[in-house]
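The next block holds one structure in the form of structure tokens; read it before the comments.
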Amino acid sequence: MPAPAADVERIRERIASYRNGEDPDLSALCRALWETLYARIPSLTGTRDKNAQHRVLEKHLVELGLPKSPDLQYIAGPVLWYARERRVLPAPLPEDRARESWVLDQHLYEEAGKTLEEGRTAFGDWMTNALRDILAEQQ
């Protein structure tokens with residue numbers, strides 16, 4: 001499922017705002033990325049392999065316009081950590097069982113979705129630092 005055009009445009013605008021000095025701490029860009037990555041959680045139900053889940057979210061980040069980089073894991077990872085902490089995502093399984101699918105608890109997903117700002121505050125430093133590095137490399 002490709003990134004919706006509205007999300008791509010929103011991320012482009014946030015990147016431009018950062019580069020123009022309008023979002024010096026990257027908070028608006030991080031908030032937008034946090035929301036769009038969290039919206040992808042339902043697409044992760046096919047596996048309990050944390051590496052595969054990372055790859056799905058990292059691919060989404062590239063679709064949004066971020067360059068391919070090993071540091072994308074630090075942008076996607078905090079959303080996964082938050083979702084696991086809120087029991088939206090189950091714990092990853094060992095490699096021999098990681099392909100097992102799981103069922104999203106819609107209620108937990110929606111409740112955690114109401115507290116995304118708390119998650120961004122708690123785990124967002126990794127995202128901010130990685131974004132700063134990636135955007136500096138991209139210029």
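The values are calculated or read from the model by the stated rules, or taken from the named source; none is laboratory data. Because the structure is a prediction, the values reported are computed rather than measured. So basically every Cβ, Gly included, is an ideal-geometry build from the backbone, and we count neighbours across all protein chains shown.
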Please work out which one of (1) surrounded by 15 or more Cβ atoms within 10 Å (Cβ to Cβ); (2) on the phi > 0 side of the Ramachandran plot is the condition GLY21 fails and give its number.
-> (1)
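Residue-wise test of (1) at pLDDT 95 or above; (2) acidic (Asp, Glu).
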position	(1), (2)
PRO42	yes, no
LYS50	no, no
GLU58	yes, yes
LEU61	yes, no
PRO92	no, no
Using the structure shown, decide if TYR18 is within 26 Å of ALA112 (Cβ to Cβ) and aromatic (Phe, Trp, Tyr).
-> no
Pick from LEU64, LEU57: which is of a type outside the set (Lys, Arg) and touching a residue at least 40 places away in the same chain (Cβ under 8 Å)?
-> LEU64
Filtering the range 1-18 down to residues that are surrounded by 12 or more Cβ atoms within 10 Å (Cβ to Cβ) and touching a residue at least 40 places away in the same chain (Cβ under 8 Å), which residue is farthest from the chain's Cα centre (by Cα)?
-> TYR18
Filtering the range 40-63 down to residues that are assigned to a helix (DSSP H, G or I), among the polar types (S, T, N, Q) and surrounded by 16 or more Cβ atoms within 10 Å (Cβ to Cβ) yields GLN53
